[in-house]
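Shown next, in structure tokens, is the structure this report addresses.
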Amino acid sequence: MKGQLTYMFHLHNSIRTYHWGSPDAISSLLGLQTDATPQAELWLGAHPGNPSRLRETGQGLDELLADTPQLLGQAVSDRYGQLPFLMKVLAADQPLSIQVHPSLEQAAAGFEREEQAGIGRDAAHRNYKDANHKPEMLYALGDFVALSGFRAPAQIIADLQRLQPWLSEPAAAISRELVDVLDREEDPLGQALALVLGGDQRIGKLVDEMVTAITAHPQLRQNRQLDELAWAAGYYPADPGVLVTLLMNVVDLKAGEVICMQAGYLHAYLRGVGIEVMANSDNVLRGGLTSKHIDVPELLAITHTQPGQATALSGATLGPGNTLYTPDFDEFQLQVLQLSAEGRAQQLACHGAGIALCTGGSFTLQRDGRQLQLHRGDSVFLPAGSPVLAQVLDGTDATLFLASAQTPGD
């Protein structure tokens, strides 16, 4: 067992294919074969819905950790009883659903409520697939566009009024109703969200006419919010979620920038490629831009309806080309190594078990006299144990992402 506890396991990871994915972004990043399938997410972790597998044996990482939980490390095993995070490579060519995640308390209560109601865990109308929360962070690998949190009501009102001269009277009437709601003192954003998603058939007509006006008048398209609204409508025409985008902040990320999504904050990824790390959960409440189940009352119950947006996260420098991102969630942190060929070996900041992914160049990982090579596209599971050193291999610059838990109690 001692050898297994210090060994490092190469992984095989499956790609999930969703319609919003990119046909080539993940393959191009990792040097994999490209096909016509829209590759949306590469999952790296022990989530039972799509676990990584040991390359040598084909065993699921979830099975390995269930059989030998000591691989997690004592503190992580005691606190979580599982690998507490999931890492993904996410590649979006089209909008993902507008969504929000519950807090830990909300997830536990919702899960128990649906268990007691006898709703199957795979049922399409089930909201809570597990009892865990799902905070997440995203590290942009290039230009990335997201929606996050609510804009100030005055900003939304200005855009609605900017479009009203081009609307028919029925569409203008519902637009004015929305303006009136946003002008109230008590929970204007929550009431606006409820109106947009409440099933009023006039909302679809308003979306149609707004898009027609934006498309026909270039000066309107110069408004970033209206331009993104029209773009989203190209994939989800007449979807009320298109109008929800007008309520939300557009967030532009450059390569290397990081945002964190806390419980209760409405968000959606629109396009781009990034490394996403989250708590090991699948709890999502959706609010539009999707064909999946939408539970408006539950969505409203867990959504924070104050203006604000995702938290930008700066990293701490551990050494040359060595940066650590520690969000306000104990379940995970992300270390990014961008090392030059001339640089010295860097220690991996791994508390408990970790998963590392190489996206460029090659590395040698060293632990207790053992060595393992990682090349572009390779990933490895690192059991808890003694320190691991990463050294660039073959004289080329190299990039490595390492997800692990933060030290419990920090």
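So how much accessible area does His304 have, in Å² to the nearest 10, using a 1.4 Å probe?
We get 100 Å² for His304.
Where the accessible area of the chain is counted over protein heavy atoms with a 1.4 Å probe, how much of it, in %, is carbon and sulfur?
48
Pull up all non-local amide H partners of Gly360: gap of 5 or more, or a different chain, and H-to-H distance under 5 Å with H placed in the peptide plane.
Gly377, Thr399
Straight-line reach from Lys254: which aspartates and glutamates have Cα under 14 Å away, leaving out those fewer than 8 places along the same chain?
Asp143
List the lysines whose Cα sits under 27 Å from the Cα of Lys205, skipping any in the same chain fewer than 8 residues away.
In chain and number order, the partners are Lys292.
Please give the Cα centre distance for segment 52-84 versus segment 213-236, rounded to the nearest Å.
Spelled out, the Cα-based centre of one part sits 47 Å from the other.
In 10 Å bins starting at zero, report the fraction of Cα pairs in the chain per bin as a rounded %.
5, 21, 30, 23, 13, 6, 1, 0
Would you kindly derive the ³J(HN,Hα) couplings of segment 79-92 from the backbone phi angles with the Karplus curve 6.51 cos²θ - 1.76 cosθ + 1.60 (θ = phi - 60°), listing them in order in whole Hz, with x for Gly and Pro?
For segment 79-92, the Karplus curve yields 7, 10, x, 6, 5, x, 10, 9, 10, 9, 9, 10, 9, 10 Hz.
Taking each pair of different alpha-carbon atoms in segment 153-247 once, compute 1/r for the pair, average those values, and report the inverse of that mean as the Kirkwood hydrodynamic radius in Å to one decimal.
That comes to 13.0 Å for segment 153-247.
For His304, list long-range residues whose amide hydrogen, built 1.01 Å from N in the peptide plane, is under 5 Å from its own amide hydrogen.
HN-HN under 5 Å from His304: Tyr265, Leu266.
Which whole-number percent is the relative contact order of segment 215-361 (Cα, under 8 Å, 6+ apart)?
18
Report, by chain and number, residues whose modeled amide H sits under 5 Å from the one on Gly21, excluding near sequence neighbours (fewer than 5 apart, same chain).
Under 5 Å from the amide H of Gly21: Asp93.
Averaged per residue, what accessible area in Å² does the chain show with a 1.4 Å probe, protein chains only?
40
Taking a ≥ b ≥ c as the square roots of the Cα gyration tensor eigenvalues, with a/c under 1.5 meaning rounded and otherwise prolate when a/b beats b/c, else oblate, which class fits segment 78-119?
oblate
Span-like helices, the chain: DSSP H, alpha-carbon axial extent 15 Å or more, mean Kyte-Doolittle 0.0 or greater, which ones?
153-163, 169-182, 201-216
Counting Lys and Arg as +1 and Asp and Glu as -1, each charge on the Cβ, what is the dipole of the chain about the Cα centre in debye, to the nearest 20?
Approximately 660 debye in magnitude.
Out of segment 1-80, which GluC sites (Glu not before Pro) are coil in DSSP terms and have no more than 13 other C-beta atoms within 10 Å?
Sparse-neighbourhood loop GluC sites (Glu not before Pro): Glu56.
For the chain, what is the relative contact order in percent, using Cα pairs closer than 8 Å and at least 6 residues apart in sequence?
22
The values are calculated or read from the model by the stated rules, or taken from the named source; none is laboratory data. Just so it is clear, the structure is predicted and the values come from calculations on it, not from any experiment. Because the Cβ atoms are built from the backbone with ideal geometry, glycine has one as well, and the counts that use them run over all protein chains shown. Protein only, heavy atoms only, side chains kept; ligands, DNA and RNA dropped before computing areas. Shrake-Rupley method; radii C 1.70, N 1.55, O 1.52, S 1.80 Å.
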